[in-house]
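Take a look at the structure set out below.
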Amino acid sequence: MLIEKRLFGTCRQGAVDMYTLTVDSGMSVSIITLGGALVKLLAPNREGKLADVIFGYDDLSSYLGGDGYHGALIGRVGNRICKGKYTLDGVDYQLYINNGQNSLHGGKVGFSHKIWDAEASVVEDGCVLDLTYVSPDGEENYPGTLTVNVRYKLSQDNALSIEYRATTDKKTIVNMTNHVYFNLGGFASGKVFDHLLWMDCESFIPTDENLIPTGEIRDVKGTPFDFNKEKTIGCDFDLSYEPMAIAGGYDHCMNFRAVDDVWAAPRIKARDPKTNREMVVYTDAPCVQFYSANFMKNPNYPFKGGYPQTTQNGFCLETQKMPDSINHENFTDITLDVGEVYETKTVYKFIVD
Ligand code: BGC
């Protein structure tokens, strides 16, 4: 097991380091301290053959200017808040509008664009990178000083886990995630329509034309969102089905079925039949934003090695609570009070025979 650290670049906020954690199978992950973004994930297929399965950029300026939130930690609140407005304990808050008429992924400068403090260590069964960011009271118009710790761990069993922890000194709202885009054939291998996907999800959340939840929680049965039997991402990619027409594909919150023990079995399985690479996802989050990279088409920000952005060449599985929860009484509770601890964990594990 090995940890390497190098300077990735320097910007106005300061120096940005890149840590690469490697385990004995050869699997490795590279993470930069800007946004805690995953830049590279060399992951094995079932025979142990490695490929870089995530999208990212070669240079710091693309992370600062580019869109897509590639591999980054998202906070305080992931996804859209309708018109950037919410009310907490009778006080109205207005967030920065950065996506149509809404506030997306934490506002103007969310956690994805902050430099995090980092500390790496080798532990018994893997390598760990501990990231810390203290978000000041009122930052981006969220109340309370929020102290956030994220622990990335790459373990000897080829699993990358992300553990989030946050505490506040005033009641606030928190709904964090990571925004990594996968292509299990290797990021430069084209459309993901042939990937097989199984998700233990019983319902999804349709949106209006601004991609804001309508409030409805719809059963997946009989819709393209039913992944309860493994199927390819492409087979029901049906842009005539209204929710998908609005979003240009999959870009929806999927709600996991309630189970007694969330760690007993994966909640998602994804597999690329061409390369025989399989990833399973464990999480204690109640939902996952399944996004088929419908906006991945910005010609100004090519990926690593100059690979162009192309829609549906990747997919995100952003484990989190429901989007715009704070504006829907029937949605998940994303408030965090003084004395409470926000804790959630997601594991992306690669299966080797
Ligand atoms: C959202 C997409 C958005 C993307 C931005 C996803 O979490 O669901 O609608 O375009 O993030 O990168």
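Values quoted throughout were computed directly from the atomic coordinates according to the rules given, and no laboratory measurement underlies them. Here the structure is a predicted model, which means the values were calculated and not measured. Note: ideal-geometry Cβ built from the backbone for every residue, glycine included; neighbour counts use all protein chains shown.
Taking label points 7 Å from Cα along the Cα-to-Cβ direction, Arg46 and Asp261 give a separation of 2.6 nm. Applying 1/(1 + (r/R0)^6) with R0 = 25 Å to the Cβ-Cβ distance of Asp236 and Asn210, what FRET efficiency is obtained, to the nearest 0.05? Computed FRET efficiency for Asp236 and Asn210: 0.55. Full extension of the chain segment joining Lys221 with Gln94 gains 42.0 nm, where the gain is 0.36 nm per residue of separation less the Cα-Cα distance.
In region 115-175, Cα pairs under 8 Å separated by at least six residues give a relative contact order of 27 percent. Within 13 Å, Cβ to Cβ, of Leu129, how many net charges do the neighbouring residues add up to if Lys/Arg are +1 and Asp/Glu are -1? Summing Lys and Arg as +1 and Asp and Glu as -1 gives -3. Site pair Arg12 and Thr335 shows an inter-label distance of 3.6 nm when each label is modelled 7 Å from Cα along Cα→Cβ. Under the simplified labelling scheme, the Glu343-Lys229 pair shows an inter-label distance of 4.0 nm, with each label point 7 Å from Cα along Cα→Cβ.
Our estimate of slack between Glu163 and Leu2, defined as 0.36 nm per intervening residue step minus the Cα-Cα distance, is 55.9 nm. Take every Cα pair under 8 Å whose residues are at least 6 apart in sequence, average their separation, divide by the length of region 158-290, and the relative contact order is 26 percent.
Quick one: which of 9-22, 315-328 comes out on top by average Cβ neighbours within 10 Å, and what's the full order, highest first?
Descending mean neighbour count gives 315-328, 9-22.
Peptides 186-192, 303-309, 235-241, 331-337, ordered by how many other C-beta atoms sit within 10 Å of their residues on average, highest first, read 186-192, 331-337, 303-309, 235-241.
Oblate is the label for region 183-233. Its Cα gyration tensor axes, ordered a ≥ b ≥ c, give a/c of at least 1.5 and b/c at or above a/b. The relative contact order of region 185-229, computed from alpha carbon pairs under 8 Å that lie at least 6 residues apart in sequence, is 38 percent.
Subtracting the Cα-Cα distance of Val122 and Ala245 from their residue separation scaled by 0.36 nm leaves 39.6 nm. Helices in the chain, meaning DSSP H runs of at least 4 residues, each add -39500 (n - 2.57). Divided by all residues, the mean residue ellipticity at 222 nm is -1000 deg cm²/dmol. Under a model in which nothing but the beta-carbon of Lys, Arg (+1) and Asp, Glu (-1) is charged, the chain shows a dipole of about 820 debye around its Cα centre.
Think of region 127-260 as a dipole: +1 on every Lys or Arg Cβ, -1 on every Asp or Glu Cβ, centred on the Cα centre; then among Leu154, His252, Ile212, Leu154 lies furthest on the positive end. Measure up Lys40/Lys231; Lys85/Lys229; Lys49/Lys321; Lys114/Lys345; Lys85/Lys304 against 32 Å on the Cα-Cα distance and list the ones that go over. Table pairs above 32 Å Cα-Cα are Lys85/Lys229; Lys49/Lys321; Lys85/Lys304. Each residue of region 62-73 was assigned a 3J(HN,Hα) from its phi angle through the Karplus curve 6.51 cos²θ - 1.76 cosθ + 1.60 (θ = phi - 60°); the sequence is 5, 5, 6, x, x, 9, x, 6, 4, x, 8, 6 Hz, with glycine and proline shown as x.
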